[in-house]
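Note sheet for the following structure.
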Amino acid sequence: MKRVRFVVPIGIDDPARVSGGNVYDRRVRDGLRRRGWQVEVREAADASGAAAALADPDGVVLVDGLAAGWDAEAVRAASRRAPVVLLAHMVAAAFPDADAAAVDAERRSVGAARRVIATSRWTAGELVARGLADRAAVAVAAPGVDPLHGDAARSGLGDPRHLLCVGVLAPHKGQDVLLAAVARLTDLEWTCTLAGSARARPAFAAEIVRAAAALGGRVRLAGVLGDAALDAEYRGCGVVVAPSRVESAGIAIGDAAGRGIPVIAAAVGGIPDTLAAGGAVLVPPGDPDALAGALRAWLGDSALRSRLRAEARRAATRMPRWDDTVSAVERVLEAA
């Protein structure tokens, strides 16, 4: 039987710890197991946990980049005993407010791995361009989507005036840009739901709460949503808005596109690749005026809405599936 030790941040199955990285890790774990792999999951919450999870490997190790960054020396020690493959969801150095220690830990942990799996072509390119990894050592395994059926097939057919933004409340997700944009649209009818945890950056989340309150009840802060509640939001919205400043691939963006929902998003990072199949409008990142213009066009032009909906439904059939993601990961593990 093929075996892999998968080192991940603690709580990837915890409904209160919703993140794109956790979704990706779960899908890879479950997909490998369905293919007959013995996947030993070891969770880590900090540097000591990462060191323990990486200790004494007896076969291939797949380590989430977040956990790897907590103890780069443990990654290096493990790589002396067994093949270590690092899963890079993001490039810490690409964040404008990146912590110098985190950037250094990323450099050392990526450099210690035998192979690197990047979750987007953009991430792979950043790793190579910044000198963190050799091009030959990096493979891409982009997030997939689920086939369009059941409730998902009715996604995006709700009120076209209802906007949905999914993501942790944090500066790199750009919810402040979205609220600044919709503040320019008070002459139009619209509502907006922001779905995502406020735990990661509480000061920023507090700013979002204040900005939302100033918009007269049009914006709902939904917090972390379970699968059923998020499905209901997807069915009830007309468009998904992704105003990110930094984004590797955007699992929530891919989820929306895979459901055939039109997306208005920032043209940053891996987002253009994720939405390359169509059904989307891209705007410059960090530009409330440009985003407001795109939203005004969506809200006011029924022909545009019809065209984007039709494009999005067609694009959904061309999105990669999670089985494709697992296949890409499996190829790297088998060759490590």
| said: I'd like to verify a number: residues in region 43-94 that are of a type outside the set (G, A, S), in a loop (DSSP other than H, G, I, E, B) and either touching a residue at least 60 places away in the same chain (Cβ under 8 Å) or more than 19 Å from D14 (Cβ to Cβ) (or both), how many? | reply: 11
| message | Could you list, ordered by first residue, the pairs with Cβ atoms under 6 Å in which the first is in region 223-234 and over 17 Å from N22 (Cα atoms) and the second is among the hydroxyl-bearing types (S, T, Y), at least 6 apart or interchain? | response | E233/T193; Y234/S155
| message | I need the helices (runs of 4 or more DSSP H) fully contained in region 239-326, keeping only those with at least 1 residues that are within 28 Å of A93 (Cα to Cα). | response | 251-258, 271-274, 288-300
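Do we have G31 as in contact (Cβ under 8 Å) with a residue 60 or more places away in the chain, crowded, with 23+ Cβ neighbours inside 10 Å and in contact with a helix residue (DSSP H, G or I) (Cβ under 9 Å, 6 or more places away or on another chain) here? Can you show your working first?
On the way: in contact (Cβ under 8 Å) with a residue 60 or more places away in the chain: yes; crowded, with 23+ Cβ neighbours inside 10 Å: no; in contact with a helix residue (DSSP H, G or I) (Cβ under 9 Å, 6 or more places away or on another chain): yes.
Judged against the criteria, G31 is not a match.
Rundown of residues vs (1) over 21 Å from G269 (Cβ atoms); (2) among the acidic types (D, E); (3) under 17 Å from the mean Cα position of the chain (by Cα); (4) crowded, with 24+ Cβ neighbours inside 10 Å, yes/no style:
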{"residue": "R26", "(1), (2), (3), (4)": "yes, no, yes, no"}
{"residue": "A67", "(1), (2), (3), (4)": "yes, no, yes, yes"}
{"residue": "D71", "(1), (2), (3), (4)": "yes, yes, no, yes"}
{"residue": "R76", "(1), (2), (3), (4)": "yes, no, no, no"}
{"residue": "P83", "(1), (2), (3), (4)": "yes, no, no, no"}
{"residue": "V103", "(1), (2), (3), (4)": "no, no, no, no"}
{"residue": "G111", "(1), (2), (3), (4)": "yes, no, no, no"}
{"residue": "I117", "(1), (2), (3), (4)": "no, no, yes, yes"}
| said: Just the residues that are under 10 Å from V246 (Cα atoms) and of a type in the set (A, V, I, L, M, F, W, C), please, taken from region 93-103. | reply: A94, F95
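Matching residues to (1) outside the structural domain of A136 (by TED's automatic domain parsing); (2) under 30 Å from A137 (Cβ atoms); (3) surrounded by fewer than 21 Cβ atoms within 10 Å (Cβ to Cβ):
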position	(1), (2), (3)
G260	yes, no, no
I264	yes, no, no
G269	yes, yes, no
P272	yes, yes, yes
A276	yes, yes, yes
L291	yes, no, no
L299	yes, no, yes
S306	yes, no, yes
T325	no, yes, no
| remark: Within region 276-326, the residues that are free of Cβ contacts under 8 Å to residues at least 12 places away in the same chain and within 22 Å of the chain's Cα centre (by Cα) are A276
| said: Among the residues in region 112-127, are any assigned to a helix (DSSP H, G or I), touching a Gly at 6+ places or on another chain (Cβ under 7 Å) and more than 22 Å from S327 (Cβ to Cβ)? | reply: no
| Pick from region 193-204 the residues that are surrounded by fewer than 23 Cβ atoms within 10 Å (Cβ to Cβ) and touching a residue at least 40 places away in the same chain (Cβ under 8 Å): which of them is nearest to G226 (Cα to Cα)? | S197
| Quick one: in region 154-182, which of the residues that are without any contact (Cβ under 8 Å) to a residue 60 or more places away in the chain and part of a helix (DSSP H, G or I) is nearest to the chain's Cα centre (by Cα)? | D176
| task | Please work out which one of (1) free of Cβ contacts under 8 Å to residues at least 40 places away in the same chain; (2) in the same structural domain as P243 (by TED's automatic domain parsing); (3) not in a helix (DSSP H, G or I) is the condition A212 fails and give its number. | result | (3)
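The values are calculated or read from the model by the stated rules, or taken from the named source; none is laboratory data. Just so you know, these numbers come straight off a predicted model, no measurement behind them. FYI the Cβ positions are ideal-geometry reconstructions off the backbone, even for glycines, and counts take in every protein chain you see.
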